[in-house]
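The values are calculated or read from the model by the stated rules, or taken from the named source; none is laboratory data. Since this is a predicted model, take the numbers as computed values, not measurements. With ideal geometry, Cβ positions are generated from the backbone for all residues, glycine too; neighbour counts draw on all protein chains shown. Ligands, DNA and RNA are excluded from the accessible area calculation, which covers all protein heavy atoms including side chains. Shrake-Rupley method; radii C 1.70, N 1.55, O 1.52, S 1.80 Å.
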Number of protein chains: 4
Amino acid sequence: MTEKIRAGILGATGAVGQRFVQALADHPWFELTSLAASERSAGKTYSQASNWKLDVPLPENVADIEVVPVDPAKVDADIVFSALPSDHAKTVEPVFAKNGFAVASNASAYRMGEDVPLVIPEVNEDHLEMIEIQQDNRGWDGYIITNPNCSTIVMTVTLKPLMKFGLSSVNVATMQAISGAGYNGVPSMAILDNIIPYIGSEEDKMETEPCKLLGEFNGSEIDFADISLSASCHRVPVMDGHTEAIWATMDENPAPEDVKRAFFDFDPKIDDLPSKPDKSIVVREEPDRPQPRLDRNMGNGMSVSVGRIREGIRYIAMGHNTIRGAAGASVLNAELLCKKGKI
Amino acid sequence: MTEKIRAGILGATGAVGQRFVQALADHPWFELTSLAASERSAGKTYSQASNWKLDVPLPENVADIEVVPVDPAKVDADIVFSALPSDHAKTVEPVFAKNGFAVASNASAYRMGEDVPLVIPEVNEDHLEMIEIQQDNRGWDGYIITNPNCSTIVMTVTLKPLMKFGLSSVNVATMQAISGAGYNGVPSMAILDNIIPYIGSEEDKMETEPCKLLGEFNGSEIDFADISLSASCHRVPVMDGHTEAIWATMDENPAPEDVKRAFFDFDPKIDDLPSKPDKSIVVREEPDRPQPRLDRNMGNGMSVSVGRIREGIRYIAMGHNTIRGAAGASVLNAELLCKKGKI
Amino acid sequence: MTEKIRAGILGATGAVGQRFVQALADHPWFELTSLAASERSAGKTYSQASNWKLDVPLPENVADIEVVPVDPAKVDADIVFSALPSDHAKTVEPVFAKNGFAVASNASAYRMGEDVPLVIPEVNEDHLEMIEIQQDNRGWDGYIITNPNCSTIVMTVTLKPLMKFGLSSVNVATMQAISGAGYNGVPSMAILDNIIPYIGSEEDKMETEPCKLLGEFNGSEIDFADISLSASCHRVPVMDGHTEAIWATMDENPAPEDVKRAFFDFDPKIDDLPSKPDKSIVVREEPDRPQPRLDRNMGNGMSVSVGRIREGIRYIAMGHNTIRGAAGASVLNAELLCKKGKI
Amino acid sequence: MTEKIRAGILGATGAVGQRFVQALADHPWFELTSLAASERSAGKTYSQASNWKLDVPLPENVADIEVVPVDPAKVDADIVFSALPSDHAKTVEPVFAKNGFAVASNASAYRMGEDVPLVIPEVNEDHLEMIEIQQDNRGWDGYIITNPNCSTIVMTVTLKPLMKFGLSSVNVATMQAISGAGYNGVPSMAILDNIIPYIGSEEDKMETEPCKLLGEFNGSEIDFADISLSASCHRVPVMDGHTEAIWATMDENPAPEDVKRAFFDFDPKIDDLPSKPDKSIVVREEPDRPQPRLDRNMGNGMSVSVGRIREGIRYIAMGHNTIRGAAGASVLNAELLCKKGKI
């Protein structure tokens, strides 16, 4: 790759937007050319507008970039990464796609769209083939691809290697980090010394998105996987890292050792992507792992850690929600687009 | 009741021991006559020995009681409440029972003993009939009764009203408070900004104790309930209150409204016990309840709160682990003993 | 007192408003007759409007009261307690006073007003004599009295007994609870695993209000106390209870034992007020007290606890910020008004 | 430097020991050759013995090193870094020094020893000249140098540039992270939703060590600086990073802008040391900084961040307690030893 691809971020100042900046500030394939945010932020430097809240310093080469409005005429890029709220994404992303941008979106607005790829590279990279269908359908020069909800990603990466055992149903109880709700999403008085056993529309996403992700692209559309999912989602006082207790019922009724071996051997053949971790699934042998504080940064935040694989089959999965589950997921999708020559 | 029953506490200085003191310091039926603890504490006043750690003040009438050793010859009481660690309970509780004490134990040592009642008054008060069998078997003047593990109690109170629907299997994911591990049980570096997806032997207790509790006493022994339980237990940064996400499969496949009605109508007919809350199960209608910080003190900490009853059947249960799930459970059992004339 | 005084709350649904409800729902002298809040809440029942967030249950006799607008024509009461934000209080409180209401305000808008009593009953109850001057000045039938800022109250209760030693200067570093900022005031991402070394205008309040409180009413105005105060205010991840590290320089240079004795002997002669705790200052002897979680509920949340009195003089003070430092402070002031026949 | 210096760690498995491993695993001047710990750990691999608890992965080249006992005969190194508890350090460190090792100690045992350098490279690098005196006095081939207590370091780095204004007295209130007490040091029940206003012997260290650090080496001994210090130390629920509210009284009474300039211009001329951050003092202009979660990793954890410089002079200082305040401090001292040719 002789020249870097020009990349913009839509919604660059929020919690996920900042993770996009972190991922792209020094990326080997992409060059950060545009940071777009609300009218309130436009015209300010990124350091003024973002109120940077990560525990790694704001990259110096980004601090002085002037924030532009979320407008295709103002954004200079080949691909835009969208960290917009879903309702805003719904109106804005098609405009960018129509104007020839590749849109890699973390928003939920178009995930379940019939001609929109919902992709985790380790799970269903061939679904990107739908891009042409989408462009034909809609008459767009650009296109929209999406990554799933954060809690869906952490779970589905671990469900993929279980498909060969005839996965039929899943119960999952999540313990989700506060960063998933955005910087102002959870008041401290709501969560200190507390659990909130509810996250709006999260359970619905966890119960539908995996069937698309684990489905088969038949050349014209996705045949959804026939898996029955039941989720119970809870907010916990953890900064980053979603922990999930999963029960998976499989026709072949594998032993825990078989499941562990399937996790261990999982090798999705996308190793030449820069954001791909050495191990997409890290198997922990200790009785009390994975834990969000200790394991969320494995693989630069891109590995999903699993452990406590027991009869049932029951196990624990944990991944970084704003990296593996959001910004990193979109960037990995974009790297896959590059590799496939779609940007 | 003209005269109060003399009550002692074994293991009076620990986290559960302090909850026993709170429950008994001003009890209408019991008079706190002996506080027993380790040799290290014996001889000190309770205020010196206990390092009182509750957010309610140490009762004044207890502060100056001299702590005695855990020895039947030194304990002056009709009934002793045991907050001993399980290994210590195993050797000590039979000695007290042999010496004529009624022992109401929160320890796990004898819960699954064939002739030992494991009782939640709202669930299986008739199991106390096993006391005579125990005394015959062992030649004891006294006896041991037990209450279940804290996470078992919170769940099983809510399973009881589901039995009529043909309860066959349960998956449960717990989010358990740090007080369940005792004052020094969980280092702050282990749990701040973290989840620990493991609690030693907790899952085993949750998978076996309910079958005894929900079983039938046939006059000589317990016929265990035929329910398949699968638990995943997690420690969270919450001071008090265990939250549990429960999936319950029932032969009759009731609708969520039927289950809610069963919870709402649950009326275990033990209302004349002083520690019995108005509602043993409090049904919450809000989408985001129950929550430990807001609901753990309902019914003076003795109510189990439920909510989010959804298709599945899935729901959330939450109760105070060191009151409803420990000290309060033992005291409620002892009140039942009084009412039945067994002390 | 044959008949209770009718009491209303302005701003009844917020964090401090809920503490007012808790304090007044079962008060011996006051009867809660009106709950006023924003237009958005008006017309709803209090249980609908308040989203009750305390860990004690919402009083049953209050749940169904209909919330009214913050309008003297809609509020039926002899006295109103104001938990309004300062800017709103600035316009609304004079309207109530003009319409004949006694206004006991927790807001900062009028605290430093020349003819407005700023009162802590244990510190300067005689400042209430300014009420007549205020009514003359302004031609009001009613009047406004105020209590200080939460962190000021905790500190100033402990400075009062030091005045006799010739208190000349104070340095104070606070560690303040999140409830002081209101329910939505501090995002969890801002404070989990963190300290925020800044609270807007808090230091200014702590450096000015004590000089008025500790000043002398000369019959027409307050001669401010000549004390130099320097504050550094910090937000910490604690739910309730402000902890303050105080250095007090006194002309007489008393020994720590003298200061401890002064705290211990502090007896402000207002014992017949229902909200007055047995000890306004609780002196702790342990090396590691007071602590907010363990001591904030002392005296039903109305005691200030002190400890670690060392050469310097240095010591720690701690009190419940939304009870002693807000709602309870206003109620105690109102009780003093009753006793003095001013309502 | 053609060959790396062989380095060992004494007390390698604890919280500070793990930070030493992190600092030395890939160091340009040192090669980690020996990891020494208690008899219980000796013989195990480091990954087995350490129960690694940092949120960065255990370095792979260290995981399989066999832990040796804390015994000069078993430790293969030119320099040893000591993370031993103080009482253990007291007996062990002289044995290593006598056996020819350079000992760079984080323990408090010898800090105030008359012939023991207590050094922060940015503050008093010339105090290392005392090494020869120490060796003469004691007849040792090796020697002991020490770094100060964590909270002392954070403060003293910021006091150094104030010396030119005639620093005479300091009040400091600390808000210290739980990692400062070691992994098992603070139970979660002690600190969740709480502040502990006491840390054993911490205030004494903060009041004595700076006078030695800021003193002058007169060729034979240290003339202590004549500064009066008064500290109040508090534990807060923060994982890493000590925050300190400092009042500094100076003869020249500089304006806040002068102090800010002094911090900004501080340039201790030790830039060729690998662990030296670009800026030893980072000056923050925002009204609410520094904050531990956001700023503790500045300069790879080696910068002290300051902010809120106000009349008084008052300001906030914050630094990473187990890096800048412990392991990183010892390593920086050792780098200075190398540069000066003393190893």
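Some observations on this one:
- Number of residues in segment D:234-244 that are part of a loop (DSSP other than H, G, I, E, B) and either open to solvent by 10 Å² or more (accessible area, probe 1.4 Å) or not small (G, A, S) (or both): the value is 5.
- Qualifying residues in segment D:157-166 (those that are under 9 Å from D:A248 (Cβ atoms) and surrounded by fewer than 24 Cβ atoms within 10 Å (Cβ to Cβ)) - the one nearest to the chain's Cα centre (by Cα): D:L159
- Filtered residue count, segment C:90-111, keeping only those that are of a type in the set (G, A, S) and surrounded by 24 or more Cβ atoms within 10 Å (Cβ to Cβ): 5
- Selection within segment B:261-291 - of a type in the set (S, T, Y) and out of contact with any strand residue (DSSP E or B) (no Cβ under 8 Å at 6 or more places or on another chain): B:S275
- A count restricted to segment C:112-128 and to residues that are touching a strand residue (DSSP E or B) at 6+ places or on another chain (Cβ under 6 Å) and assigned to a helix (DSSP H, G or I) stands at 2.
- Checking each residue in segment A:250-266 for being surrounded by fewer than 18 Cβ atoms within 10 Å (Cβ to Cβ) and either at pLDDT below 95 or in a helix (DSSP H, G or I) (or both) picks out A:P256, A:E257, A:D258, A:R261, A:F264, A:D265.
- Selection within segment D:290-322 - part of a strand (DSSP E or B), open to solvent by 10 Å² or more (accessible area, probe 1.4 Å) and more than 9 Å from every other protein chain (Cβ to nearest Cβ): D:I309
Residues are listed down the side, and each one gets a yes or a no for (1) among the β-branched types (V, I, T); (2) in the same structural domain as A:I131 (by TED's automatic domain parsing); (3) touching a helix residue (DSSP H, G or I) at 6+ places or on another chain (Cβ under 8 Å):
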position: A:E257; (1), (2), (3): no, no, no
position: A:P268; (1), (2), (3): no, no, yes
position: A:D272; (1), (2), (3): no, no, yes
position: A:I281; (1), (2), (3): yes, no, yes
position: A:D288; (1), (2), (3): no, no, no
position: A:N297; (1), (2), (3): no, no, no
position: A:M302; (1), (2), (3): no, no, yes
position: A:R308; (1), (2), (3): no, no, no
position: A:L332; (1), (2), (3): no, yes, yes
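- Residues in segment B:88-111 that are assigned to a loop (DSSP other than H, G, I, E, B) and out of contact with any strand residue (DSSP E or B) (no Cβ under 7 Å at 6 or more places or on another chain): B:N99, B:G100, B:S108, B:A109.
- In the set (1) under 18 Å from the mean Cα position of the chain (by Cα); (2) hydroxyl-bearing (S, T, Y); (3) crowded, with 24+ Cβ neighbours inside 10 Å, B:S86 fails one condition alone, (3).
- Boolean, C:S275 is open to solvent by less than 10 Å² (accessible area, probe 1.4 Å) and away from chain D (no Cβ under 14 Å): no
- Any hit, segment B:14-24, residues being closer than 19 Å to B:D240 by Cβ, among the aliphatic types (A, V, I, L, M), open to solvent by less than 20 Å² (accessible area, probe 1.4 Å) and not assigned by TED's automatic domain parsing to the domain that holds B:N297: yes
- Selection from segment C:290-343 of residues that are of a type in the set (V, I, T) and at pLDDT 95 or above: C:V304, C:V306, C:I309, C:I313, C:I316, C:T322, C:I323, C:V331
- Apart from one condition, B:A63 fits all of (1) over 23 Å from B:D204 (Cβ atoms); (2) within 22 Å of the chain's Cα centre (by Cα); the exception is (2).
- Among the residues listed as D:V154, D:V68, D:V75, the single one being assigned by TED's automatic domain parsing to the domain that holds D:M302, buried (at least 19 other Cβ atoms within 10 Å of the Cβ) and at negative phi: D:V154
- Subset of segment C:278-289 (residues that are part of a strand (DSSP E or B) and either open to solvent by 10 Å² or more (accessible area, probe 1.4 Å) or within 8 Å of another protein chain (Cβ to nearest Cβ) (or both)): C:V282, C:V283
- The residue that is surrounded by the most Cβ atoms within 10 Å (Cβ to Cβ), among those in segment B:323-343 that are more than 13 Å from the chain's Cα centre (by Cα), of a type outside the set (A, V, I, L, M) and in a helix (DSSP H, G or I), is B:E335.
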